[in-house]
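The values are calculated or read from the model by the stated rules, or taken from the named source; none is laboratory data. Predicted model, so just to flag it, every value in this text is computed and none were measured. For neighbour counting, all protein chains shown are included, and Cβ atoms are generated from backbone atoms with ideal geometry for every residue, glycine included. When the accessible area is computed, the model is the full protein with side chains, heavy atoms only, and any ligands, DNA or RNA have been set aside. Shrake-Rupley method; radii C 1.70, N 1.55, O 1.52, S 1.80 Å.
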Amino acid sequence: MADTLKTITGNRGLRLEEPLIFEQGRPGRLGVDLATPANTANRLGGNDRKGPIGLPDLSEPQTVRHYTRISQKNYGIDSGFYPLGSCTMKHNPRLNEKLARLPGFASLHPLQPMSTVQGALELIDACAHWLKVITGMPAVAMSPAAGAQGELCGMMAIRAALVDRGDARKRVLVPESAHGTNPATAAACGYAVDSIPANDRGRVDFDALIAKLDSDVAGIMLTNPNTCGLFENDIIRIADAVHEAGAFFYCDGANLNAIMGNVRPGDLGIDCMHINLHKTFSTPHGGGGPGAGPVVLSESLAAYAPVPFVVHGENGFDLVEHQQGAGEKSFGRLKGFQGQMGMFIRALAYMMSHGSDGLAQASADAILNANYLLAELKDTLSPSFDGPCMHECLFDDSFLKDTDVSTLDFAKAMIDEGFHPMTMYFPLVVHGALLMEPTESESKETLDQYIHALKGLTAMAKAGEADHFHQAPRLTPWRRLDETTAARNPILRWTPPESDVQATD
Amino acid sequence: MPPNTPTTSLAWNNSKNKVAKTMRYLPLTDDDRRQMLAAIGVEDLKDLYRDVPPDALLSGPVDLPAHQGEIEVERAISAMAAKNLNAAAAPSFLGAGAYRHHVPATVDAMIQRGEFLTAYTPYQPEVSQGTLQYLFEFQTQVALITGMEVANASMYDGATAAAEAVMMAGRVAKRKKAILSGGLHPHYRDATQTIAGFHGMTLDVAPPDWKGEEDLIRSIDDETACVVVQNPGFFGHVRDLTPLADACHAAGALLVVVVTEVVSLGALTAPGDMGADIVAAEGQSIGNALNYGGPTVGLFAVRQKHLRQMPGRVCGQTADIDGKRGFVLTLSTREQHIRREKATSNICTNSGLCALAFNVHMTLLGETGFRQLAALNHAKACTLADKLDAVDEVQVLNDTFFNEFTISLNKPAAGVVDDLAALGILGGVPVSRLYADGGQMENLLLVAATETTTEDDMDALVRSLSEVL
Amino acid sequence: MSVKYTREHEWIVVEEDVATVGISKYAQEQLGDVVFVEVPDAGKKVALGEEAAVVESVKAASEIYAPLSGTVTAGNPALEDEPATINSDAEGDGWIFKMTIDDTSELDDLMDAAEYADYVAGLE
């Protein structure tokens, strides 16, 4: 069989092994050609570095080959279907990349005089405008660096508003199904977290919520659609109750793709919501970042927004950078400079390309795709709730009962079939969760292939072929990796092998 | 339309504009949609929205322009770009935490590969060894240049890294007070006050240290969790932090060292070698264009013994079941998705692609190139300082600096910078821009030089200053 | 004295005045491979139900609560190098800490082995 062939180099055709850069460095190599300094003046105050740093020296061809080879070990949206629930792995348009790299943006220094950056401020303002209209909210804080920082921004605005009103409260209500960042954020703002259970329809238990809503509750953090992919039917009632108790409604906007263009969160009664530009608005995930997390705000919270923010001044656009004047009630600054400008450009290009009609269509297609998966898989897998779902569908592992195949095993077998697995074990409210979000970027052919594969895998599991799943994946460059040892004996950096060290002594 | 045919259009969302059923990012055809609705068993697309309160379902598209092609979008956004004076097209001396360096062409070519660009966080390691390998290399390089034992897989930026460092010091020392140097970048000071302040830390902020003379040792007591100092400082001064580190340790406190210009680490003693316990740095100078300040990449490095208190993502070495070396995200039980309200921080993302860019550039530089780059930056700054010192109305305040220093003018620097901009020169950052109460510093200007600064640029600045001062 | 259990899956054995505390076999099974244990320092005072230690596995981190009020006399030093002992011998060598007891009547509220076995059966 071809796949058991042993090669001399260890490479396997197009699958090329690639060591670490530290294992390829040799003195005398250089990947850059820099001019010689014109002088040898030294004003470092005697703090010159003594001794080597230990970085490897490589040439440019080696560098290109290194990163090219390791890139080929990665699966991306460009490679194939990536149905991670709540991550919204939609197509990342290359127009976004081109426009972000225009020299008129890419080479701008954040502290240039205002007269020299009017176009940049105009772009931030335009992006902000689109976000406000799509969400139906009057204000937006653009500076948070990522979704989690956006959550922090929202909760800090709430806290600032309550303190300003002389009514600092101590608790925040968070559904059990919430993503872990929600309670972590509430705790980071100094709040105690109270959990609200779900009802058997997967939504927040309204009565349980009301029972916990008193004058010590600063706010509620709700995701809508929720992490089970379901629209919270009671959301307007919830918003009313929360406001009556003098509290605020924070909405986690991770699932905005389900409703953009067709429903406005502002109409549902929210006070603030973070938006993940890297989810809903197609900015690339980049292997884990960077993201961007602008936060739309109601009138009651707008004044507390972080600095800096863009305003329309006498001579064009201006920045409010300090907690004075228009920024007097701001709760402060969250990060350096103005925020993730590169992501604003990309998101605006995406939004303008779609337009109001295209955004509505994209969102509707996302819902259609998810419901198609649910309909086609509901008799094969075990859906956790009755349909319809919104943009993602949730299954639990009861369909694997008595097969000795876990959700994890099933996911690893999907890898051999050429798919990135769906989200596993989240949300925590069902056992062995499988959360699938196809997005609008997938064709029906892709979905049909996926459905066919999952039906086949389920049949194999039920036919007792547990070993197929326990051994998976078998066709990837690496088999399953030992996460236990990695956590017990963390090795977080390369160190030269003993023999190398001795040789230089 | 024949009866019982599923309605695929957003019929309740009647657009007066011409809605193309085709849009270049949407693969579904109307045929597909019809088949899918039939498979789902609903009559109308609207049936899938039955959980949405009817009044909340919009009856028309929101008030924004309709979809546009690439030509139109490119034209509109390019028009905005054209209104800016970009720092690559003019003599530029701006620093203050963001530096104009040359990013080799290879960097962009690598980070634009779709397998890097469009990959998610590497939670399925078997199909993510590309990301995981570069994160491991990144962590190693960051540890090496900072002289520390271990680093994480990056933070959002230097300012949030500094805030997280203060909170970590609070956890390690089990104390609540942090002393912030007057040489700390004001954005870092502010972000730390906002984030760590909300978290219950008290912050003792020293007055702005443009003379480079502050003595923080006197302020350390047994309630101090950490002292946060920037080196080179915001005003450019370079110091030996060893005595400060010793004083911190003697009092049971930690030393947090901030670096806003990582190229300086190619020429200066590493913070770890001066006794730093935590290094929080901004990595933008390596691999990342200015991008009007974002996105950038924060670096975070600590001592091995404090590893479990370190926030953010971390990548570790392991092996697969065949014994092949590989990498995985590890120590994630500290993170929010598992610990929830007890997490070490609420951070989800690192700065992935920016960390990769840093890595690629660092690989091209290597030991030799990194040191050469640092030497070149310092040499340029020395030349610039000499030329500026020769201008009557200008006084260079620093005895020590790396590639940025403070000059004092004979009038408010903010106005001078505007005048220079009118002449097509980005002359530096007025200190008053970053301090709300900058009164006594209003004549101070921060000036930086890098490997991209030419002799002509410097002469143009000198000429123009002589004109406007 | 025979072993007693809490509803949070801790076990406790008292000999003379010193109680030894750990987590049950069932708990270690639920946690998976233990990678790290944060044991309390000697001298730490704990109230009944207060967090006393943390057991980390690859997929979860679990707080261990003091089953009684008292003062910690020692954490198990062997767990620093071999956290996996909790998996291999949760109710023996995998003990987590020892403590003195303020109020022995608090023991009466805990379950004995048979009651705990019933309790666990009810959870599955």
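Based on alpha carbons, the Rg and Dmax found for the protein assembly as shown are 29.2, 92 Å.
Out of all DSSP beta bridges with both ends in chain A, state the antiparallel percent to the nearest 5. The partial results should precede the final answer.
Working: 21 of 38 bridges.
Bridges in chain A are about 55 percent antiparallel.
Neighbouring Cβ atoms from other chains, within 10 Å of the Cβ of residues in A:141-148, number 4 on average.
Pair-distance distribution of the stretch C:58-124: all C-alpha pairs, bin width 10 Å, starting at 0; shares per bin in whole percent are 16, 38, 39, 7. Peptide B:320-326 is shielded by partner chain Cβ atoms: per residue, an average of 5 of them sit within 10 Å of its Cβ.
Annotation for the stretch A:105-131 versus the stretch B:50-125: alpha-carbon center distance of 12 Å. Across the cross-link table entries A:LYS378/A:LYS444; A:LYS212/C:LYS25; B:LYS174/C:LYS45; A:LYS455/B:LYS324; A:LYS50/B:LYS211, which are compared at the Cα atoms, the separations over 24 Å belong to A:LYS212/C:LYS25; A:LYS455/B:LYS324; A:LYS50/B:LYS211. Less than 5 angstrom separates the built amide H of B:THR202 from those of B:LYS177, B:ALA178, all sequence-distant by 5 or more or on a different chain. Hydrodynamic estimate: the Kirkwood radius of the stretch B:366-468 over Cα pairs, inserted into Stokes-Einstein at 25 °C and 0.890 mPa s, corresponds to D of 174 µm²/s. Within the listed set C:GLU106, C:GLU63, C:GLU15, the Gaussian network model of chain C (springs between alpha-carbon atoms below 10 Å) gives the highest mean-square fluctuation for C:GLU15. Split the accessible area of chain B by element, probe 1.4 Å, and carbon with sulfur accounts for 48%. Of C:ALA84, C:GLY94, C:LEU68, which is farthest towards the positive pole of the stretch C:4-101's charge dipole, taken about the Cα centre with +1 and -1 on the beta-carbons of Lys, Arg and Asp, Glu respectively? Farthest towards the positive pole: C:LEU68. Seen against the Cα atoms of chain B and their longest principal axis, helix B:129-146 is set at about 10 degrees. For A:PHE248, the amide hydrogen comes within under 5 Å of the amide hydrogens of A:GLY219, A:ILE220, counting only partners 5 or more places away or on other chains and with H modelled in the peptide plane.
Over the whole of A:445-453, what's the average partner chain Cβ count within 10 Å per residue? Rounded to a whole number, please. Per residue, the average neighbour count from other chains is 1.
Just the C-alpha atoms of the stretch A:130-262: what Rg/Rh do they give, with Rh taken as the Kirkwood radius? Provide the component values of the computation, followed by the final result.
Details: Rg = 14.1 Å, Rh = 15.1 Å.
Ratio of gyration radius to Kirkwood radius: 0.94.
The convex hull of the Cα atoms of the stretch C:4-101, projected and averaged over all directions, covers 5.2 nm². Put simply, the Cα atoms of chain A extend 76, 72, 44 Å along their principal axes, the longest span coming first.
Our estimate of slack between A:ALA35 and A:ASP200, defined as 0.36 nm per intervening residue step minus the Cα-Cα distance, is 52.5 nm.
Compute the relative contact order of chain B as a whole-number percentage, counting only Cα pairs closer than 8 Å that sit 6 or more residues apart in sequence.
Working: 869 pairs, mean separation 85.3, N = 469.
RCO, chain B: 18 percent.
Can you work out the FRET efficiency for the pair B:ASP222 and B:ARG171, with r the C-beta to C-beta distance and R0 = 25 Å, to the nearest 0.05?
On the way: r = 17 Å, r/R0 = 0.69.
Here the calculated transfer efficiency is 0.90.
Between B:ARG325 and B:ASP392, take the C-beta separation as r, use R0 = 45 Å, and let me know the FRET efficiency to the nearest 0.05. So, using R0 = 45 Å, E works out to roughly 0.10. For the stretch A:394-505, the residue among A:MET414, A:THR476, A:GLY464 whose Cα projects farthest onto the positive side of the dipole built from Cβ charges is A:GLY464.
When every Cα-Cα distance of chain B is counted in 20 angstrom steps from zero, the calculated P(r) takes the values 21, 45, 26, 7, 0 percent. The H on the amide N of A:ARG12, modeled in the peptide plane, is under 5 Å from the matching H of A:GLU17, each at least 5 residues off or on a different chain.
Using Cα-Cα distances under 8 Å and only pairs 6 or more residues apart, what relative contact order does chain A have, in percent? Let's see the in-between values first.
Working: 851 pairs, mean separation 87.7, N = 505.
Relative contact order for chain A comes out at 17 percent.
As a ratio to 2.2 N^0.38 Å, the alpha-carbon radius of gyration computed for the stretch B:105-362 takes the value 0.99.
Basic side chains Lys and Arg get +1 at the Cβ, acidic Asp and Glu get -1 at the Cβ, and with that the dipole of the protein assembly as shown about its Cα centre reaches some 2560 debye. Over the stretch C:4-101, with every protein chain in place, what whole percent of the accessible area is carbon and sulfur at 1.4 Å, could you tell me? Percent of accessible area from carbon and sulfur atoms in the stretch C:4-101: 45.
Below 8 Å between Cα atoms, with a sequence gap of 6+, how large is the relative contact order for the stretch B:188-291 in percent?
Contact order relative to length: 22 percent.
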